[in-house]
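A quick write-up on the structure given underneath.
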Amino acid sequence: MANSHTANVQLGIPKEKAKEKTQEALMKAGFRMAKWVGANQAFYAEAPTTLWSWGEDILVRFQENEQGTLVTFTSSCKLSTQIIDWGKNKKNAKKFFQHLDAS
């Protein structure tokens, strides 16, 4: 149980459509303050504070390729001193990808 988790999914759609789906999935998954930073080609969001953590920083990046768009999701503990995430970062990724598949 590290203090971050990264997972990828290949979408067979153009990057602009992937961005739309990602923004919707972030919102439906309950992540706050999703904002697009064009210079980094990424969305930044936050998972709320819970009984088990002080919250997580969410980063979603995009890379276009021949098959469409590769979406990379990273969830990291807000506190750099937090060594164990109790599975929260992996749960954030699972929740995001469930909503991305549904949108």
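The values are calculated or read from the model by the stated rules, or taken from the named source; none is laboratory data. Fair warning: this is a prediction, and the values are worked out from it, not measured in the lab. So basically every Cβ, Gly included, is an ideal-geometry build from the backbone, and we count neighbours across all protein chains shown.
Within segment 38-53, one or more residues are among the aromatic types (Phe, Trp, Tyr), on the phi < 0 side of the Ramachandran plot and loosely packed, with under 13 Cβ neighbours inside 10 Å. Considering segment 62-95, the residues that are out of contact with any Gly (no Cβ under 9 Å at 6 or more places or on another chain) and over 14 Å from SER4 (Cβ atoms) include one that is surrounded by the most Cβ atoms within 10 Å (Cβ to Cβ), namely VAL71.
Under the condition of being surrounded by 19 or more Cβ atoms within 10 Å (Cβ to Cβ) and within 17 Å of ASN89 (Cβ to Cβ), the residues counted in segment 4-37 number 5. Scanning segment 33-82 for residues that are closer than 14 Å to ASN8 by Cα and among the charged types (D, E, K, R), we see that the one that is nearest to the chain's Cα centre (by Cα) is ARG61.
Within segment 1-27, residues that are without any contact (Cβ under 8 Å) to a residue 40 or more places away in the chain reach no partner that is basic (Lys, Arg) and assigned to a helix (DSSP H, G or I) with beta carbons closer than 8 Å at six or more positions or on different chains. Just one of the listed residues (ALA39, ALA45, ALA29) is at pLDDT below 95 and closer than 18 Å to ALA18 by Cα, and it is ALA39. Look at (1) in contact with a Lys or Arg (Cβ under 6 Å, 6 or more places away or on another chain); (2) modelled with pLDDT under 95 and you find that THR72 fails only one, number (2).
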